[in-house]
Every structure is written in structure tokens, then in C-alpha cells.
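We did not get these values from a lab; they are worked out from the coordinates using the rules stated. Note that the structure is a prediction, hence the values are computed from the model and not measured. Neighbour counts are summed over all protein chains in view; Cβ atoms, including those assigned to glycine, are modelled from backbone coordinates with ideal geometry.
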Amino acid sequence: MHFLGQYVFMDDKKSDYIYGERSIYNIPKDPFRFLESSKKQGERIWDNKDVIRLEVVTVNTPFADYRAESEPITISQTETRNVKYNETFQRDGETFRGWENDFELIYPAKEDLKDGEFDEIATKFESFYAWLLSTKKYFDDPANIADPYKKFRDEASNHLDLYKLAAYYIDVLRLGLADSLERNAQLKTYDGQHWHYEPWDIDIALGNRNTGGIAFNPPIDRNTRDGVGGDYALSGRSSTTSNWLFDALEAWTSTKEIQEVTKEITDPDTGEVTTMTYELEVITQKGWIDYIVPAVATALYKAGFTYANVLKYLDEEYQDKWCERLYNYSGHYKYIEASDVYAWL
């Protein structure tokens with residue numbers, strides 16, 4: 001039996017830049033920094049009190065695609081009931097909030113927080129979730145059928161870092177990160193208000209299927225399926241589940257209108273003034289999918305994110321670090337021989 005090699009980008013969970021030690025962004029005040037007191041003592045204590053990270057870990061559930069105000073949650077062996085995303089419930093003697101059924105707080109670790117600190121952090125995320133939920137309700141309201149995405153467009157910049165989201169979106173599509181958009185991603189904020197996505201579990205790349213089989217043919221996007229009515233290329237996407245945040249972002253195109261412009265032209269020889277009137281198409285609101293994403297893509301390209309550089313990294317530098325047997329059989333080891341892992345896919 002023969003297997004195709006697969007690239008496994010698993011640096012994300014240990015990287016200094018992504019796992020809470022240093023910022024991957026060049027911003028004036030780096031939120032990932034040591035406390036001065038810890039430097040003197042030789043300890044690694046991070047002054048990250050304003051940074052929140054949440055990992056989207058569950059697929060095919062209402063909270064994970066930002067559409068549901070409540071969902072059925074198993075409280076005990078004998079009780080399952082609907083719980084709101086911001087409602088608390090008890091399980092095995094511990095207190096949880098509804099959204100914790102589908103999201104996991106990565107940083108700061110819940111067990112490291114003092115009394116009341118988790119509630120403060122949870123409120124920030126719940127505010128973000130409530131806003132997304134409100135935009136979906138606006139979309140679903142028949143009264144808004146003429147422009148169902150208006151609320152999302154008008155308010156998005158108050159809650160999202162649209163440029164970082166664009167960079168992540170481009171990475172996912174160009175590298176075929178099939179398990180990193182609909183789910184399995186970090187939600188992060190540096191100020192408690194503006195959120196964006198960053199990588200988390202990216203061991204399925206270049207369109208590779210979860211089962212370790214042959215990858216989806218490029219290019220792939222959120223709507224790519226395995227034939228007519230087949231499985232979606234992106235894990236977590238189905239006929240009933242879809243990440244509302246990216247539904248709304250992809251639908252956000254630039255708003256344009258025709259404006260009448262009047263211009264006076266003076267003949268340099270006679271001094272005669274002629275008035276000309278013409279129509280000009282003007283962008284009144286820049287769209288995310290057709291303006292911000294292309295602008296970020298251009299910036300990334302100029303910075304070196306080119307196909308030539310990516311291929312050099314993958315096919316030369318990356319493969320040189322792997323022994324041939326492990327590289328060629330990695331999908332087999334992870335998804336076929338490990339039946340206990342394979343079972344949940």
C-alpha cells in the first residue's frame with residue numbers, strides 16, 4: 001500500500017509567537033511581555049492581562065458557528081437541558097458558562113484565575129458573541145430582507161480586526177488549511193473588544209482530508225465539496241452548519257453609488273471656461289471581501305508570501321527535516337492505525 005506525504009504545520013501550539021509568549025504583530029505596545037519583577041527573579045511570568053484567547057474546539061454544534069442563543073447541554077447522566085451561551089450551569093461540582101461547551105479558554109488558564117477574574121474575561125467574550133448573534137438575528141428578520149447584512153457591515157469595525165481576519169482568511173485558502181476556519185482556530189483580542197482569528201491546530205493542510213486520503217484538488221474555498229452534494233473540503237462545514245462570521249464577511253462587498261461631478265475647464269488660448277458634467281462611480285463603503293482582502297493579499301505578497309517562497313519552504317526546507325518513512329506514512333500513522341483517533345472523525 002502506498003501513501004502520499006502530508007505537511008503537518010504543528011509549530012502553532014508551541015511557538016513563542018502564537019502560544020502567548022511574543023506577539024506576531026508589529027505593534028507599539030507588545031501585549032506579550034515579561035513582568036519586570038519576574039525578570040529579576042528569573043521566572044517567566046507574562047504580563048498578558050489584556051489578552052484573551054479562546055479555542056474553537058467543537059464542530060456541528062450551535063455555539064461554534066455563532067448562530068445559537070442556547071443549545072442542549074448534558075448536565076449529568078440523567079439531565080440534558082437548554083443552556084444559554086452566557087448562562088452558568090453545574091457539572092461534576094464545577095461551574096461553567098454555556099459557551100464553554102463549545103469553546104475552551106486557552107489563555108489565561110482558567111485554573112490560574114482568582115475569584116471574579118474569569119467572570120470579567122467571560123463577559124468580554126460574551127459581549128462579542130452577543131453582537132454576532134444580533135447580526136444573525138437581523139439577517140434572519142424578514143423586515144430586513146432588502147439589506148440583511150447592514151447591521152454586520154455598519155458595526156463590524158467596532159468588534160473585529162478586519163485586517164488580521166483577512167490575513168488569516170488568505171492563509172487558510174492559500175495553504176488549504178481544511179480544518180482551521182470553520183472550527184479549530186483561536187479567537188484572540190488584545191484590547192477586549194476587537195477580535196480576530198489565529199492558527200491553532202493546523203495539522204491538516206494543503207487540502208488534505210481528515211481520513212489521511214488524497215487531498216482535495218486546488219483551489220479550495222468554503223464552498224468546495226467532494227462532487228455534487230458531497231462532503232465539504234473544510235471540516236465543520238455542512239449543509240446545516242456554517243461559521244456565520246465568515247458567511248457575513250464573504251458577503252460584505254463594497255457599496256458604490258454613481259455621483260454627478262461638475263468640472264470647469266479653461267481654454268489656455270482663449271480663456272474660455274467650459275463646464276463639463278459627468279458621472280463617476282464612487283465607493284461609499286469599502287467591502288471586506290473585495291477591498292480589504294485583496295489589499296492584505298497584496299501586502300503579504302510584497303512581504304514574501306509568494307508561491308515560489310512557499311514551495312521552497314515546503315519542498316526543500318521542510319522535507320529536509322523529515323525522514324522519508326515518517327513523512328510518507330504520517331497520514332497512515334495518525335488516521336488509519338490510530339483507530340481510537342480515527343473513530344471520531
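How big is D, in µm² s⁻¹, for the stretch 234-282 by Stokes-Einstein at 25 °C and 0.890 mPa s if Rh is the Kirkwood radius over C-alpha pairs?
D = 158 µm²/s.
Under 5 Å between amide hydrogens, which residues at least 5 positions from V83 or on another chain qualify, with H placed 1.01 Å from N in the peptide plane?
It is E71, I73, by chain and number.
Quick one: which residues, 5 or more positions from A185 or on another chain, have an amide H under 5 Å from its amide H? H modelled 1.01 Å from N in the peptide plane, none for Pro or chain starts.
So A185 has HN proximity to V56.
Based on the alpha-carbon gyration tensor of the stretch 93-139 and its eigenvalue square roots a ≥ b ≥ c, which shape applies: rounded if a/c is under 1.5, prolate if not and a/b is larger than b/c, or oblate?
prolate
Which number comes out as Rg/Rh for the stretch 121-160 once both Rg and the Kirkwood Rh are worked out on C-alpha atoms?
Rounded to two decimals, Rg/Rh equals 1.04.
Once phi is turned into θ = phi - 60°, what whole-Hz ³J(HN,Hα) does the Karplus curve with 6.51, -1.76 and 1.60 give for every residue of the stretch 258-270, x standing for Gly and Pro?
Per-residue couplings from phi come out as 8, 10, 8, 10, 10, 9, 9, 10, 9, 5, x, 8, 9 Hz.
Just want the ordering: F128, F96, from fewest to most Cβ atoms lying within 10 Å of their own Cβ. Kindly include the intermediate steps, with their values, before the conclusion.
Working: F128 21, F96 17.
Ordered by Cβ neighbours within 10 Å, fewest first: F96, F128.
Counting only Cα atoms, I'd like the Rg/Rh figure for the stretch 187-327, Kirkwood definition for Rh. Before the final figure, lay out each step's value.
On the way: Rg = 24.3 Å, Rh = 20.6 Å.
Ratio value, two decimals: 1.18.
Name the residues whose placed amide hydrogens come within less than 5 Å of the amide hydrogen of D231, ignoring near sequence neighbours (fewer than 5 apart) on the same chain.
When sequence neighbours closer than 5 places are left aside, the close amide H contacts are D226.
Exposure proxy check: L300, L234, L249 ranked by fewest other beta carbons within 10 Å?
Exposure proxy ranking, most exposed first: L300, L249, L234.
Would you order F152, F89 from fewest to most other beta-carbon atoms within 10 Å of each residue's own beta-carbon?
Listed from fewest to most nearby Cβ atoms, that is F89, F152.
Let me check I've understood the local charge: for A178, count other residues with C-beta under 10 angstrom from its C-beta, Lys and Arg +1, Asp and Glu -1. What total comes out?
0
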